[in-house]
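I have placed the structure first, in the form of structure tokens, so that the comments after it can refer back to it.
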Amino acid sequence: MTRIGVLTSGGDAPGMNAAIRSIVRTSLYHRLQVFGILHGFTGLIHDDLLELNSRSVADIIQRGGTILRTARSDEFRTETGQQRALEVLKRRGLEGLIVIGGDGSFRGAKVLADHGVGVIGIPGTIDNDIPCTDFSLGFDTAVNTVVDAINKIRDTATSHERVYVVEVMGRNTGHIALQAGLAGGAESILVPEMPADLDELCRKIEVGYKKGKAHSIIVVAEGFGGEPRPGRDFEVSAGFRVGRYIENRTGFETRITVLGHIQRGGAPTVLDRTLASLMGARAVQLLAAGACNIMTGYQGARLVDVPFDEVFSSRKEFNRELYDLANILSLA
């Protein structure tokens, strides 16, 4: 193998640039040419490639987003689009491809792998909903962003003695809400994975106030109570529905904060930079060794190589133990 490509697809996540940096410099170390594919699978279809060198990835380890840009490609879901992508890979002489992204990106990667392309996946999504890995790139940074926001909201919540509902991202999973709610000391955490009685939640808030609590912070995953519709219809969002219910049921003044896409940006944390560097290097090593159709994951403080078929046949487990702990620690 002498020439490989790298692309980022789907939602951006802090740590993607650090992974690109690691891929490029590890490739050069192994005497491989590496090409960046702009705008994800759309760029692959339209031959939007550029060769990368060591200088191309200088000073990006600390940057959020992705220098390769990203997009979701409806065209790649068609057989015509897939064939055009395969033709570009063949014409460019790319023998291997590294795809950084989430579930949808990996399914696109597997299409290429099934047509004989050497493909390695790196999990990159703030939602942390990819099975077979403890962390995906961007999750730790997103959680820290949410905790920082909760810390600031708490100051105002205490000053005005209000209930604050904070809606966080995560699609149809509650991993961000759980981790951030626990670390931020939220009074309650509402996630799609666990049923919740809103009347019981209101009683909990009322009991807390009777015991002298000056405020309550409720963290709500955007997918709680149904399919999320982030950023488009605020008044039917999970956070808005929960906030209005609390205010109507308890009479307490309630404010709703939807953090939205602020959770995707910002400089990646040490953990995300480290994971990105490790996974990027490992992906290149796997391609150089002739492996394909594999995701690089992280389990129990070590890298693991997981076949795509295993990833697709699994489901990310929700940490019920952590959820129960958060409820115990939030008792008034």
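Computed values, structure above
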read-out: Against the rule of thumb 2.2 N^0.38 Å, how large the Cα Rg of the stretch 185-304 comes out; value: 1.53
read-out: Computed [θ] at 222 nm, helices only, for the chain once each DSSP H run of length n ≥ 4 contributes -39500 (n - 2.57); value: -13000 deg cm²/dmol
read-out: Estimated dipole of the stretch 56-187 in Debye, rounded to 20 [Cβ of Lys and Arg +1, of Asp and Glu -1, Cα centre]; value: 480
read-out: Gained length - residue 156 relative to residue 196, 0.36 nm times residue gap less alpha-carbon distance; value: 11.8 nm
read-out: Added length on full extension, which subtracts the Cα-Cα distance from 0.36 nm per residue, residue 245 to residue 319; value: 23.9 nm
read-out: The stretch 122-213: trypsin sites (Lys or Arg not before Pro) falling in loop per DSSP and having at most 16 other Cβ within 10 Å; value: 211, 213
read-out: Pairs of lysine residues in the chain - Cα separation under 26 Å, sequence separation of 8 or more or cross-chain; value: 7
read-out: Antiparallel bridges, percent of DSSP beta bridges restricted to the chain (to nearest 5); value: 25
read-out: Electrostatic dipole magnitude of the chain [Cβ: Lys, Arg +1; Asp, Glu -1; Cα centre; debye, to 20]; value: 720
read-out: Under DSSP loop assignment and at most 12 Cβ neighbours within 10 Å, longest GluC sites (Glu not before Pro)-free interval of the chain; value: 1-252
read-out: Dimensionless Rg/Rh of the stretch 7-160 - Kirkwood Rh, Rg from C-alpha atoms; value: 1.06
read-out: Cα convex hull of the stretch 128-174, projected area averaged across orientations, nm²; value: 3.8
read-out: Cα lying deepest toward the dipole's positive end in the chain, options 314, 130, 252, charges on Cβ; value: 130
read-out: Relative frequency of Cα-Cα separations exceeding 34 Å in the chain, percent; value: 30
read-out: Inverse mean reciprocal Cα-Cα distance (Kirkwood Rh) of the stretch 236-304, Å; value: 16.2
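A short reminder: the numbers here are calculations on the coordinates, not readings from a lab. All values derive from a computational prediction rather than experimental measurement. Heads up, the Cβs are rebuilt from the backbone with ideal geometry, glycines too, and the neighbour counts pull from every protein chain shown.
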